[in-house]
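Have a look at the structure below before the remarks.
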């Protein structure tokens, strides 16, 4: 393979060329209620060539390595059609390495019938909670990937990745009222993450039933305390995406707005990307341009100090590459993405401290998803409770929060000391590439004047 | 290879079906006011479904030499597979003569895509020289072929042409962001896309405050698609209905919405993006009412779901390479009403027109709830659009809202993905701000 790829990388006539070849094997089992919905084995093989000429990019993806040289030619031809300037890529030492996952329990050593059995058990846990549970969904998959990467700077990386994902969802119904709750786990090293989840799943299902009798939240502006899981998604949506420099490098208005040194929040606010978290889908040794991943401060003591880069965005902004160019798979070119993003904890603030002076507010737990436009962002809380007179009070439902990066970060007035990396990973979407595995975490924190949609 | 796979599978299983996908996509991207990249994405792969000892096995591959593994994996999964309670279909007597292939699209060159994309960029930049504009333009063509051991052998060749454009204008810390786009199986006039972005930019510069309260809200076709459509798509899927997890699951033949609401699943509109002569299991597509005059008429089914539900399959089997067929829409048409948009706006004393939302999909879509940030919305005062709102959430329940709507526009506009939607006024939705 290495010879084949290196041979294709010769005599290309471009400023830069890279080739990625990928093989995958995926097993998936899903249940709807007590019934098996599908069980499948998917094999994938494909690759791509990406070329730069005079600052323009050409990209070709395919499912066969036949005539690889012609594919390089086509990518170079497309890049020539596009390029009218100068190719700029931040220099990095070309890496030659072999990357293998450090596995605790390999999903490939577990029989399909055992996986199916566990999926069935989790479905039963939810369905046995009573007739208010209308149905449930359980999805399990494990994917093994082998990726070869080479570029004309001399990089050669041969890596293997494993990814186990298990998700469960309970749907409760009373008349026309339908409520749902979910819980999921993921790991790049351990099938065990999917085992012994009965108790978690039971609690999640019970909460779905409780939601049927919970009132809908009233719309308006609230003091909101977010839990560590939602705090992580906050770091990702509220600030992480805005830090992705590919949207910034050639946009002067944006560069002026996101100038290093700009204050976004109080001295207690620190947001980082690139944490080395065992088992997280966002943990990378190298990104998909062969650049070593390093931890990056985005906000330090409330001030913008860094951003996430590809080799191109780093060169164009005169900054160091950070190893954040990632591709969902061989059918896409790498673009700037997050890895493991988090809000750093404070030293001494507890949840109790934070609650104590809230007369009326919301306590929100985990998220069903969020979206950002750069300036504006939203999250949907998975579960939520009113805070009354300093105490967590009754459950409410339908809590979707929105914020504005230029005011909401300033409105964080208290950050807890209790960071937790959730067992669930996230799937992030950008430029049609979804779901890309990412991790996120944070401590409890409190936001003043947060807008919540509702009745 | 497709016949070889079918032969190999037929030797080890009672029945088998092979689905072949081949496509070539050519996207060209402009970012920050200039050309950025040109790509060619070729995809070729096979999915195999077998019925062995009464059970379903499923596998797929994009390996050029993957036939033997494909069959082996299908056999492996069939040991644990669900009961096959349906038969694979035989060759259909006739297929609808819907047009899904346009030679004009198939022969567009990369150079022409670059030229057209540049024209879209220039058209928008002319009106908004201070803005950052991005344009994506893509053409694609491909074939779907399906063969099975019941003698079915159908093939369809289709084309795709799509243009998306977005604009960003930063003033202070305000980011005005607009996007619009269209797609079709044939070529269309780029002026539609240019004008949509230009008009929204012109109206969006002035920011106005709005109150937290219940008010009339008009959803544009795009606003409807981004904010309200997901609950709808879930609700009429036979798979959801079978399990009783949609608010309309027990309302077949009953009045569930305002009598002015009629919605169709329509796979036979010529050149509409989601149109196709047969579904992904080889059954002919059609035009079928989901809701007619507010009465629930049909749900959509694939073969397996229909068999479980004791319903007839509706030609809505849909799948990618990596999944078994599921119920999926062949396009969606919301029937137009009787009032011009201008007159709908004139009739609103204090309200909101919603075009782009963020995150409204996240939450309890299955129950019909939505709650999203109004990313591009205009305040209406005394029948006039007076300016853009910010830091605003709009929330409600789609099914509650559709029981008692205000007005439907007299035109149903083509949207991306083969959807046709008019502007719709909801008489009272909750709007919240700081």
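The values are calculated or read from the model by the stated rules, or taken from the named source; none is laboratory data. These numbers come from a predicted model, not from an experiment. All Cβ positions, even for glycine, are placed from backbone atoms using ideal geometry, and neighbour counts span all protein chains on display.
Given the conditions (1) over 30 Å from residue B:434 (Cα atoms); (2) buried (at least 18 other Cβ atoms within 10 Å of the Cβ); (3) within 14 Å of chain A (Cβ to nearest Cβ), report the number of the one that residue B:129 does not fulfil.
(2)
In region B:79-127, what residues are under 25 Å from residue B:198 (Cβ atoms) and in contact with a helix residue (DSSP H, G or I) (Cβ under 7 Å, 6 or more places away or on another chain)? Break it down stepwise before answering.
Applying the first criterion (under 25 Å from residue B:198 (Cβ atoms)) to region B:79-127 yields B:108, B:112-127.
Residues satisfying the conditions are B:114, B:120, B:123, B:124, B:127.
Just to be sure, is residue B:100 touching a residue at least 24 places away in the same chain (Cβ under 8 Å), assigned to a loop (DSSP other than H, G, I, E, B) and more than 14 Å from every other protein chain (Cβ to nearest Cβ)? Full working, then the answer.
Details: touching a residue at least 24 places away in the same chain (Cβ under 8 Å): yes; assigned to a loop (DSSP other than H, G, I, E, B): yes; more than 14 Å from every other protein chain (Cβ to nearest Cβ): yes.
Here the answer is yes, as residue B:100 does meet what is asked.
Could you list, in sequence order, the residues of region B:365-388 that are at the interface with another protein chain (Cβ under 7 Å from one of its Cβ atoms) and either crowded, with 24+ Cβ neighbours inside 10 Å or assigned to a strand (DSSP E or B) (or both)?
The first filter runs over region B:365-388 and keeps only residues at the interface with another protein chain (Cβ under 7 Å from one of its Cβ atoms), leaving B:366-367, B:369, B:371-373, B:375.
B:367, B:369, B:371, B:372, B:373, B:375, listed by residue number.
Filter region B:326-363 down to residues that are surrounded by fewer than 21 Cβ atoms within 10 Å (Cβ to Cβ) and in a helix (DSSP H, G or I) and give me whichever is nearest to the other protein chains (Cβ to nearest Cβ).
B:345
Report, by residue number, each residue of region B:392-412 that is surrounded by fewer than 22 Cβ atoms within 10 Å (Cβ to Cβ), under 20 Å from residue B:374 (Cβ atoms) and in contact with a helix residue (DSSP H, G or I) (Cβ under 8 Å, 6 or more places away or on another chain).
B:406
Output yes when any residue across region A:96-104 is in contact with a helix residue (DSSP H, G or I) (Cβ under 8 Å, 6 or more places away or on another chain) and within 12 Å of chain B (Cβ to nearest Cβ), and no when none is.
No, region A:96-104 contains no residue that is in contact with a helix residue (DSSP H, G or I) (Cβ under 8 Å, 6 or more places away or on another chain) and within 12 Å of chain B (Cβ to nearest Cβ).
Give just the number: which of (1) in contact with a strand residue (DSSP E or B) (Cβ under 8 Å, 6 or more places away or on another chain); (2) closer than 16 Å to residue B:127 by Cβ does residue B:202 not satisfy?
(1)
Within region B:389-423, which residues are in a loop (DSSP other than H, G, I, E, B) and closer than 30 Å to residue B:275 by Cα?
Within region B:389-423, B:402, B:403, B:410, B:411, B:412, B:416, B:417, B:418, B:422, B:423 qualify.
Go through (1) crowded, with 18+ Cβ neighbours inside 10 Å; (2) in a helix (DSSP H, G or I); (3) more than 9 Å from chain A (Cβ to nearest Cβ) one by one and return the number of the condition residue B:7 breaks.
Result: residue B:7 fails condition (1) only.
Residue-by-condition table, conditions (1) surrounded by fewer than 24 Cβ atoms within 10 Å (Cβ to Cβ); (2) in a strand (DSSP E or B); (3) modelled with pLDDT of 95 or more; (4) out of contact with any helix residue (DSSP H, G or I) (no Cβ under 9 Å at 6 or more places or on another chain):
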position	(1), (2), (3), (4)
A:233	no, no, no, yes
A:250	yes, no, no, no
A:254	yes, no, no, no
A:275	yes, no, no, yes
A:297	yes, yes, yes, yes
A:313	no, no, yes, no
A:316	yes, no, yes, no
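Could you run through region A:436-455 and say how many residues are surrounded by 21 or more Cβ atoms within 10 Å (Cβ to Cβ) and in a loop (DSSP other than H, G, I, E, B)?
Looking only at that region, the number is 3.
Would you tally the residues in region A:111-168 being assigned to a helix (DSSP H, G or I), within 14 Å of chain B (Cβ to nearest Cβ) and in contact (Cβ under 8 Å) with a residue 24 or more places away in the chain?
Residues that pass the stated criteria total 9.
Please enumerate the residues belonging to region B:52-78 that are more than 9 Å from chain A (Cβ to nearest Cβ) and in contact with a helix residue (DSSP H, G or I) (Cβ under 8 Å, 6 or more places away or on another chain).
B:52, B:53, B:55, B:67, B:68, B:71, B:75
Out of all the residues in region A:344-364, is one or more under 17 Å from the mean Cα position of the chain (by Cα) and within 14 Å of chain B (Cβ to nearest Cβ)?
Within region A:344-364, not a single residue is under 17 Å from the mean Cα position of the chain (by Cα) and within 14 Å of chain B (Cβ to nearest Cβ).
Can you name the strands (runs of 3 or more DSSP E) wholly within region B:140-251 that have at least 3 residues being touching a helix residue (DSSP H, G or I) at 6+ places or on another chain (Cβ under 8 Å), within 13 Å of another protein chain (Cβ to nearest Cβ) and without any contact (Cβ under 8 Å) to a residue 60 or more places away in the chain?
In region B:140-251, B:153-171 are the strands (runs of 3 or more DSSP E) which contain 3 or more residues that are touching a helix residue (DSSP H, G or I) at 6+ places or on another chain (Cβ under 8 Å), within 13 Å of another protein chain (Cβ to nearest Cβ) and without any contact (Cβ under 8 Å) to a residue 60 or more places away in the chain.
One line per residue, one yes/no per condition, for (1) in contact with a helix residue (DSSP H, G or I) (Cβ under 9 Å, 6 or more places away or on another chain); (2) crowded, with 19+ Cβ neighbours inside 10 Å; (3) in contact (Cβ under 8 Å) with a residue 40 or more places away in the chain; (4) at positive phi:
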site	(1), (2), (3), (4)
A:342	yes, yes, yes, no
A:357	no, no, no, no
A:365	yes, no, yes, no
A:381	yes, yes, yes, no
A:394	no, no, yes, no
A:409	yes, yes, yes, no
A:421	yes, yes, yes, no
A:434	no, no, yes, no
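Yes/no per residue for (1) more than 28 Å from the chain's Cα centre (by Cα); (2) modelled with pLDDT of 95 or more; (3) outside any helix (DSSP H, G or I); (4) more than 8 Å from chain B (Cβ to nearest Cβ):
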residue	(1), (2), (3), (4)
A:13	yes, no, yes, yes
A:18	no, yes, yes, yes
A:21	no, yes, yes, yes
A:26	no, yes, yes, no
A:42	no, yes, yes, no
A:47	no, yes, yes, yes
A:59	no, yes, yes, no
A:65	yes, yes, yes, yes
A:71	yes, yes, no, yes
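Suppose we filter region B:64-91 for residues that are part of a loop (DSSP other than H, G, I, E, B) and exposed (fewer than 15 other Cβ atoms within 10 Å of the Cβ); how many remain?
6
Kindly indicate whether residue B:311 is surrounded by fewer than 18 Cβ atoms within 10 Å (Cβ to Cβ), modelled with pLDDT of 95 or more and touching a helix residue (DSSP H, G or I) at 6+ places or on another chain (Cβ under 9 Å).
Yes.
Considering only region B:178-200, I want to know if a residue exists there that is closer than 14 Å to residue B:356 by Cα, buried (at least 20 other Cβ atoms within 10 Å of the Cβ) and over 23 Å from the mean Cα position of the chain (by Cα).
no
Taking interchain pairs and intrachain pairs at least six residues apart, which have beta carbon atoms under 6 angstrom, with the first residue in region A:238-257 and more than 8 Å from chain B (Cβ to nearest Cβ) and the second modelled with pLDDT under 90?
Once the first residue is more than 8 Å from chain B (Cβ to nearest Cβ) and sits in region A:238-257, its partners that are modelled with pLDDT under 90 give A:242/A:374.
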